[in-house]
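Computed from the coordinates by the stated procedures, all read-outs in this text should not be read as laboratory data. The structure presented is a predicted model; accordingly, all values stated were derived computationally and were not measured. Note that we place each Cβ from the backbone using ideal geometry, even for glycine, and neighbour counts take in every protein chain shown.
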Amino acid sequence: MEELDLKQMSAMVKVIAEEKNLPEEVILDVIQTAIAAAWRRDNGTREMEVRAVLDMNTGTAKVYVARTVIEDGLAYDPDTEIPESEAKGAKEGDIVEEEHDVTSFGRVASQTAKQVVVQKLREAERNAVMVMFEDKIGTIVTGTVSKVLPKIVLVDLGRATAIMPRSEQIDGEFYSVGSRIKVLIKEIDRDNEKGPQLVVSRGSAEFVEQLFRQEVPELETGSVEIMGIAREAGRRTKIAVMTSVPGVDPVGTFVGGRGVRVQAVMNEIGDREKIDIITWSENVSEYIREALSPAEVNKVEVEGKKAKVYVSEEQQSIAIGKQGQNVRLASKLTGYEIDIVLQKAATKKKKQNVEDSLLNAIEDSEDSSETDA
């Protein structure tokens, strides 16, 4: 038999708590979980529900095995159930606990306890880090690329390593190990098999929004607002802005003097990605016209969540954009399904026909006058 030094473990609670920057309660819970696992390994089965209580003052521990009280005379599992007649006054459905003193453990059980401590400490550290980053979701931080894999990039953020999936990367952007990059703390994936995982992004619309918030102080004062962003990372971003302050040009505010503000954002996401900054409007037709910039629109017809947009022949390809990108982003930005319709230049021809008819009438009148004379 190998003694599990409970007194030493009790004394180490404070030391480990300080070293790992975790609350003492968390460390105590880790050790108690390890004691319960070791006791179950030596004295019970995996099915048993066992908890341990460590007295830090005396360095002693007790374990409690929980069982559900069932009706007498029924077949039962002694590891998890107990007949009512043996439950010392407890009634059917109650949970009773049987107390055991912890004295010593075998070599395998002691090894089990050590493994549990290591595993649970890692989990506790990771959870503590996740809690710390929960307050930073939606903000931009600077990290270092630590590893580049086919589908993900690992980014070292100091106390945590985050993953940047391919879907959150900027298309065509190259990442090299050791390089410093800005990333958006997007979310904490708690469904990961290996425990909570921090997910960061450079390819999301939120990343561009936060970059502008760093460059445009008027966003904090409320004199300008971002009403929507649609983005295809590495290619194009459309951002709708507005102001309720008379005399303020919202687009100009985002562009900045000599384009310095929008250029700062483009320097971060790459010059290959174009940024269209447009004025948001309550008028849906006007908003759709703006969203299709730089195309010039003749007419917009809105029905429900669909819109027909009429453009001239020379503006059709601009409105649609390369591989449909312009109209696709405009649709995403406005929330309307946009159909680009070619409007042929019939108006000019009609006007010409009217003019010709008028000239012919004048000529006929003149001919008639000469005949009468």
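Can you compute 3J(HN,Hα) from phi for each residue in region 138-145, using the Karplus curve 6.51 cos²θ - 1.76 cosθ + 1.60 with θ = phi - 60°, rounded to whole Hz and x for Gly and Pro?
Those phi angles translate into x, 10, 9, 10, 9, x, 10, 5 Hz.
Which links in 151/238; 136/182; 136/194; 136/238; 136/186 stretch past 19 Å when you go from one Cα to the other?
151/238; 136/194; 136/238
Using the Cβ atoms and a cut-off under 10 Å, what net charge is assigned to the surroundings of residue 201, where Lys and Arg are +1 and Asp and Glu are -1?
Charge balance in the 10 Å sphere: -1.
Taking H placed 1.01 Å from N in the peptide plane, check which residues at least 5 places from residue 70 or on another chain put their amide H under 5 Å from its amide H.
Distant-sequence amide H within range of residue 70: 82, 84, 93.
Scan around residue 56 for amide H atoms under 5 Å from its own, H built in the peptide plane at 1.01 Å from N, and keep only partners 5 or more places away or cross-chain.
Sorted by chain and number, the residues that satisfy this come to none at all.
If contacts are Cα pairs under 8 angstrom and at least 6 residues apart, what is the relative contact order of the chain in percent?
Once normalised by length, the contact order is 9 percent.
Test of understanding: in a Gaussian network model of the chain with alpha carbons linked when under 10 Å, which of 152, 70, 229 would top the mean-square fluctuation ranking?
In this elastic network of the chain, the residue with the biggest mean-square fluctuation among 152, 70, 229 is 70.
Could you work out the local net charge near residue 14, counting Lys and Arg as +1, Asp and Glu as -1, over the other residues with Cβ closer than 13 Å to its Cβ?
Around residue 14, the surrounding residues sum to -3.
Looking at 229, 146, 104, which one has the Cα that reaches farthest to the positive end of the dipole of the chain (charges on Cβ: Lys, Arg +1; Asp, Glu -1)?
146
Report, in whole Å, the centroid distance computed from the Cα atoms of region 267-311 and region 150-210.
30 Å
Grab the DSSP H runs of the chain that are 4 residues or longer, score each as -39,500 (n - 2.57), total them, divide by all residues and round the 222 nm result to the nearest 500 deg cm²/dmol.
-12500 deg cm²/dmol
Compute the Cα gyration tensor for region 217-300, then decide on rounded, prolate or oblate, letting a ≥ b ≥ c be the square roots of its eigenvalues: rounded whenever a/c is under 1.5, prolate when a/b is larger than b/c in the other cases, and oblate in all that remain.
oblate
Residue by residue through region 53-61, what is 3J(HN,Hα) from phi via Karplus (6.51 cos²θ - 1.76 cosθ + 1.60, θ = phi - 60°)? Round to whole Hz and write x for glycine and proline.
10, 9, 8, 5, 6, 9, x, 10, 9
With r defined as the distance between the Cβ atoms of residue 126 and residue 179 and R0 fixed at 25 Å, what FRET efficiency is calculated, to the nearest 0.05?
0.50
Under the rule a/c < 1.5 gives rounded, and otherwise a/b versus b/c splits prolate from oblate, where does region 136-203 land using the Cα gyration tensor?
Note, shape of region 136-203 comes out rounded.
Under 5 Å between amide hydrogens, which residues at least 5 positions from residue 153 or on another chain qualify, with H placed 1.01 Å from N in the peptide plane?
The answer is 164.
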